[in-house]
Amino acid sequence: MMQSRTHTCGELRIGDAGKQVTLAGWLENFREVSATLGFVVLRDFYGTTQIVAETEEMMATFKDITKESTIQVTGTVRERSSKNPKQATGDIEVVPTEVKVLGKNIHASLPFEINHSKEADETARLQYRYLDLRNPEVKKNIILRSQVIAALREAMIAHGFMEITTPILTASSPEGARDYLVPARKHPGKFYALPQAPQQFKQLLMTAGFDRYFQIAPCFRDEDARGDRSPGEFYQLDMEMAFASQEDVFSIMEDVLPPIFAKYGKYDRASGAPFKRIPYLEAMEKYGSDKPDLRIDLTVQDVTGVLKDTGFGPFASMDENGEDRKVVIKAVVVSGFEGSRKFIDKTLADVEVQAGDKPYWFRVDENGDIVGGISKFVTPVKDAVVSALSLKPGDFVGISAGKLRAAQKTAGVLVKTLGAAVPGHMDKEQYAFCWICDFPMYEIGEESGELEFCHNPFSMPNGGLETLLKAERGEIDPLSITADQYDIVCNGIELSSGAVRNHDPEIMVKAFELVRLGEEDVKSRFPAMYNAFTYGAPPHAGIAPGVDRMVMLLSGEDSIREVIPFPMNKNAQDIMMGAPSEVTQAQLDELHLKTTAVEE
RNA sequence: GGCCCGGUGGCUCAGCUGGUUAGAGCGCCGCCCUGUCACGGCGGAGGUCGCGGGUUCGAUCCCCGCCCGGGUCGCCA
């Protein structure tokens, strides 16, 4: 039997002219020019090749084949009389002697046109994902994903890390996101859970003496989707290292990520080591965000002192009852501003939608006068404002006011929105990384009004046991305790949190006691880890950057579904496979599950 | 769960202040075309305008409810 192909559709060149070849692929298009001349575009994974039909018989053969059927073509390579420089194989064509249909497309019209599938309705794309992925534009993101994952593996292994897989069926974790549960057939009434992250397993691997672990790890969380968050499942480059500090983790990531971003990304520039380190509180104060976009040169300044009580209602420091409103006022100065009034209104409306709070503004005109927006209230304190913000003619000032957190958030949205919209304030064509570090260990819960863990209880408090004891004795404010915890941020997108872990059971218990929990809570919530740490654990630290997010940044796509081979829709359904689906009564019985008809 | 936007031939979309027979491009079918490559030309088929109710002489259009999709907030240790 003849082999199915001698070459791919992407490789024949002028030097191959005269060769007998066999190609196989999808019939992408058939251009009929006359009764005895037509051109077939044959497409496979590697590219496209033109097949020319020059006889009535060959015309009839191709006319009978539905587009998108798979065919095998045997023939001779020939130099084209009119070449196509836009096509890699554009110098040649294949004159067929034999054409065979391998897999017939029986559908006269497709749900969408393959080469324009990105414009089609997303439900149709996901339902016919195997057709959507035939589009080279769609396929290229999945190829990129594969290459990036391969490069990450290679780099991690080169740095002495070992990939170890961890269980998919495990125990439900009491904290964090909603779990996906799997009924246990052999244990009526009990459930496995899919891991939200391999967090506890990787810490147990450290305790077991594996020095440097990593894994391209699937993670499962039953939370709602976003444009940049896939529902249900996603992948992390999960890593952990023993006898390691925060600096050790930083230097590995600073070594591994920039070359991969520069090589595979749409921009060829990426931050070099060391990345800028910004303490959490400084980030909130200076950028109004714990995920600043360092490609933007704008920053936030505090103007509470000069602008409060200027008569503008939202800036008032006291309410009508004389109570302190705890208002702070933040300013973002944009130099060289030439935008129109319409541009200002539209941009600030965007800010209001995103921040949920109204921003204010004024400008400094060419004479140095304060004009526009809230200028009426600012002009009386002009000298103080000009001096506080070093204002010059041509400056635009965006203002936010409110309680600290809200004012910072609005100012942060002003920075990102104005930075992107006003020319000259964003050096866009690069990957700008930074570390956000020194996160607070505790915060006052918005609902409870009491002290709670700020992020997660696994992080080592800065200063260890001694610091916690001081807080317990009331010598320091527990809110001032920071954790050895960090986020890695790229272009304003949080790729991951990480931390130096708390490997000391005594410190762990003390950390829990400060939030009115204790040893029993630690033991019941994290039994394996607590026990393991009582047998001698190494200090360890790690991080887990999201793979899907990284590929999204590299590809420049706005939707995470574009970088996932078979994504679910926003409602966590796989339309193509029909998941989730009903199951048989026999399956339910075997799992000891009662059906509960959902009453709508 | 809240808010915003959308749902019109297979696909993408237009459709005015509510008014005859709901249009265009792509795709599909037929005919023509000897070098196309987003081939071109001529002709044709194809629509419960998401579903239900209301207002009206008359609803794709206005109102109410619901369904579906996307975005966003909540949520995501």
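Could you sort out which of A:LYS330/A:LYS403; A:LYS358/A:LYS382; A:LYS470/A:LYS510; A:LYS330/A:LYS428 sit more than 18 Å apart by Cα distance in this structure?
From the list (A:LYS330/A:LYS403; A:LYS358/A:LYS382; A:LYS470/A:LYS510; A:LYS330/A:LYS428), the Cα-Cα distance tops 18 Å for A:LYS358/A:LYS382; A:LYS330/A:LYS428.
Using the Kirkwood radius over Cα pairs, work out the Stokes-Einstein diffusion coefficient for segment A:11-118 at 37 °C and 0.692 mPa s, in µm²/s as a whole number.
233
On a full-extension model of 0.36 nm per residue, what is the gain between A:GLU57 and A:ALA208, subtracting their alpha-carbon distance, rounded to one decimal in nm?
Separation in residues times 0.36 nm, less the Cα-Cα distance, equals 47.2 nm.
Apply the Karplus curve 6.51 cos²θ - 1.76 cosθ + 1.60, θ = phi - 60°, to the phi angles in segment A:33-48 and return the couplings in whole Hz, x for Gly and Pro.
Calculated HN-Hα couplings, in order: 9, 7, 5, 10, 8, x, 10, 9, 9, 9, 10, 10, 4, 8, x, 10 Hz.
Farthest toward the dipole's positive end in chain A, which of A:LEU102, A:ASN367, A:THR347, given Cβ charges of +1 (Lys, Arg) and -1 (Asp, Glu) about the Cα centre?
A:LEU102
Size of the dipole of segment A:485-589 about the Cα centre, Lys and Arg at +1 and Asp and Glu at -1 on the beta carbon, nothing else charged, in debye to 20?
My answer is approximately 180 debye.
With label points built 7 Å along Cα→Cβ from the Cα atoms of A:GLU119 and A:GLU519, find their separation and express it in nm.
Label at A:GLU119, label at A:GLU519, 6.9 nm between them.
Taking the Cα centre of each part, how many Å lie between segment A:83-104 and segment A:45-79?
The distance from the Cα centre of segment A:83-104 to that of segment A:45-79 comes to 6 Å.
If I model a spin label as a point 7 Å beyond the Cα along the Cα-Cβ vector, how far apart are those points for A:GLU11 and A:MET318 in nm?
Computed distance between label sites A:GLU11 and A:MET318 equals 8.4 nm.
Name the shape class, rounded, prolate or oblate, that the alpha-carbon gyration tensor gives for segment A:54-99, where a ≥ b ≥ c are the square roots of its eigenvalues, rounded holds for a/c under 1.5, and otherwise prolate holds if a/b is larger than b/c and oblate otherwise.
prolate
Label-point separation (nm) for A:ASP255 and A:ARG80, each offset 7 Å from Cα along Cα-to-Cβ?
4.8
Counting Lys and Arg as +1 and Asp and Glu as -1, each charge on the Cβ, what is the dipole of segment A:265-416 about the Cα centre in debye, to the nearest 20?
It comes to approximately 520 debye.
Considering the options A:GLY542, A:PRO580, A:VAL21, tell which one lies farthest towards the positive end of the dipole of chain A, charges being +1 on Lys and Arg and -1 on Asp and Glu at the Cβ, about the Cα centre.
It is A:VAL21, whose Cα lies furthest towards the positive end.
At a Förster distance of 41 Å, what's the computed FRET efficiency of A:GLU137 paired with A:ARG226, Cβ-Cβ distance as r, to 0.05?
So the FRET efficiency works out to roughly 0.95.
Could you go through segment A:16-29 in sequence order and give the Karplus-derived ³J(HN,Hα) for each residue, using 6.51 cos²θ - 1.76 cosθ + 1.60 with θ = phi - 60°, rounded to whole Hz, and x for Gly and Pro?
Using θ = phi - 60°, the values come out as 8, 3, x, 6, 8, 9, 10, 10, 9, x, 9, 7, 6, 7 Hz.
Given the C-alpha centroids of segment A:25-39 and segment A:550-573, what is the distance between them in whole angstrom?
Taking the Cα centre of segment A:550-573 as reference, the centre of segment A:25-39 is 35 Å away.
For chain A, which DSSP H helices look membrane-span-like by this rule: Cα extent along the axis of 15 Å or more and mean Kyte-Doolittle of at least -0.5?
A:136-158, A:246-264, A:341-355, A:404-421
A:ILE92's amide H: which non-local residues (gap 5+, or another chain) put their own amide H closer than 5 Å, with H modeled 1.01 Å from N in plane and none for Pro or chain starts?
Result for A:ILE92 returns A:ARG80.
In whole Hz and in residue order, list the ³J(HN,Hα) couplings for segment A:290-306 that follow from phi through the Karplus curve 6.51 cos²θ - 1.76 cosθ + 1.60, θ = phi - 60°; x for Gly and Pro.
Per residue, the Karplus-derived 3J(HN,Hα) values read 8, 9, x, 9, 6, 6, 9, 8, 8, 9, 9, 10, 8, 10, 4, x, 8 Hz.
Can you tell me the dipole magnitude for segment A:436-543 around its Cα centre, using point charges on the Cβ only (Lys, Arg +1; Asp, Glu -1), in Debye to the nearest 20?
For this selection, approximately 380 debye.
Measure out, as a whole number of angstrom, how far apart the alpha-carbon centroids of segment A:316-364 and segment A:199-270 sit.
38
May I ask you to compute the full-extension gain from A:GLU352 to A:SER69, defined as 0.36 nm times their residue separation minus their alpha-carbon distance, rounded to one decimal in nm?
Gain in length upon complete extension: 96.7 nm.
Express the relative contact order of chain A as a whole percentage, based on alpha carbon pairs under 8 Å and six or more residues apart in sequence.
13 percent.
Give the residue list of GluC sites (Glu not before Pro) in segment A:60-124 that are DSSP loop and have at most 16 other beta-carbon atoms within 10 angstrom.
A:GLU113
Expressed as a rounded percentage, what relative contact order does segment A:511-600 have, with Cα pairs under 8 Å and six or more residues apart?
9
If I take every Cα pair under 8 Å that is 6 or more residues apart in segment A:159-305, average their sequence separation and divide by the length, what percent do I get for the relative contact order?
Contact order relative to length: 16 percent.
If you filter segment A:22-61 for GluC sites (Glu not before Pro), then keep DSSP loop positions with at most 15 other Cβ within 10 Å, what is left?
Here the GluC sites (Glu not before Pro) that fit, given the DSSP loop and packing criteria, are A:GLU54.
When we measure straight from the Cα of A:LYS186, which lysines land under 30 angstrom away, once same-chain ones fewer than 8 places off are left out?
By straight Cα distance, A:LYS186 reaches A:LYS202, A:LYS523, A:LYS594.
Given the pairs A:LYS67/A:LYS570; A:LYS83/A:LYS118; A:LYS346/A:LYS416; A:LYS140/A:LYS266, which are separated by over 20 angstrom at their Cα positions?
Violating the 20 Å Cα-Cα cut-off are A:LYS67/A:LYS570; A:LYS83/A:LYS118.
What full-extension length gain, to one decimal in nm, is calculated for A:LYS382 and A:PHE45 as 0.36 nm per residue of separation minus the Cα-Cα distance?
Taking 0.36 nm per residue and subtracting the Cα distance, the gain is 114.8 nm.
Once R0 is set to 51 Å, what does the formula 1/(1 + (r/R0)^6) return for the Cβ-Cβ distance between A:LEU404 and A:VAL95, expressed as a FRET efficiency to the nearest 0.05?
Efficiency, from the Cβ-Cβ distance: 0.10.
Loop only by DSSP, 10 or fewer other Cβ within 10 Å of the Cβ. Give me the chymotrypsin sites (Phe, Trp or Tyr not before Pro) in segment A:458-558 that pass, ordered by residue number.
A:TYR535
Values in this text are rule-based calculations from the coordinates and carry no lab data. For clarity, every value in this text was computed on a predicted model and none was experimentally measured. Cβ atoms come from the backbone with ideal geometry, glycine included; neighbour counts cover every protein chain shown.
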